[in-house]
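The values are calculated or read from the model by the stated rules, or taken from the named source; none is laboratory data. Keep in mind it's a predicted model, so treat the numbers as computed, not measured. Backbone-built Cβ (ideal geometry, glycine too); neighbour counts: all protein chains shown. Only protein heavy atoms, including side chains, enter the accessible area calculation; ligands, DNA and RNA are left aside. Shrake-Rupley method; radii C 1.70, N 1.55, O 1.52, S 1.80 Å.
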Amino acid sequence: MVELHSEADNIENTAQCIMDAFKTNNIKEGETLRYQELYPYLQERYPHYKDVQKEAEQHLSKEGFVNPAPDGLMLTQVGAANLYNNK
């Protein structure tokens, strides 16, 4: 039987994958992770992202980790501190 995830779990997993993509691509505070780099990363690691991507981005934005950019997501000071200083 296939394990089903709640929408909240999918949002959280997608948000975590987005943050992992920043780290994998060595994106620093104030830099933008372009969607053309993000989508293949998400597809490979969490194919369920398509259903909840916008919600995950909104969640990260509300937390202050990212800001929307015209062609991707910009990593904020708060996001960079969380990503690089807490691990």
Residue satisfying condition, being in contact with a Ser or Thr (Cβ under 6 Å, 6 or more places away or on another chain) and not acidic (Asp, Glu), within set 79, 72, 30: 72
Hey, residue 85 free of Cβ contacts under 8 Å to residues at least 24 places away in the same chain, farther than 12 Å from residue 22 by Cα and touching a strand residue (DSSP E or B) at 6+ places or on another chain (Cβ under 7 Å) or not: no
Within region 6-49, considering residues that are more than 22 Å from residue 85 (Cβ to Cβ) and of a type in the set (Asp, Glu), the one most open to solvent (accessible area, probe 1.4 Å): 44
Boolean, residue 79 is open to solvent by less than 60 Å² (accessible area, probe 1.4 Å) and on the phi > 0 side of the Ramachandran plot: no
Subset of region 50-76 [assigned to a loop (DSSP other than H, G, I, E, B), buried (at least 17 other Cβ atoms within 10 Å of the Cβ) and either of a type outside the set (S, T, N, Q) or out of contact with any Phe, Trp or Tyr (no Cβ under 7 Å at 6 or more places or on another chain) (or both)]: 65
Residues satisfying the stated conditions in region 6-26, i.e. outside any loop (DSSP other than H, G, I, E, B), of a type in the set (Gly, Ala, Ser) and at pLDDT below 95: 8
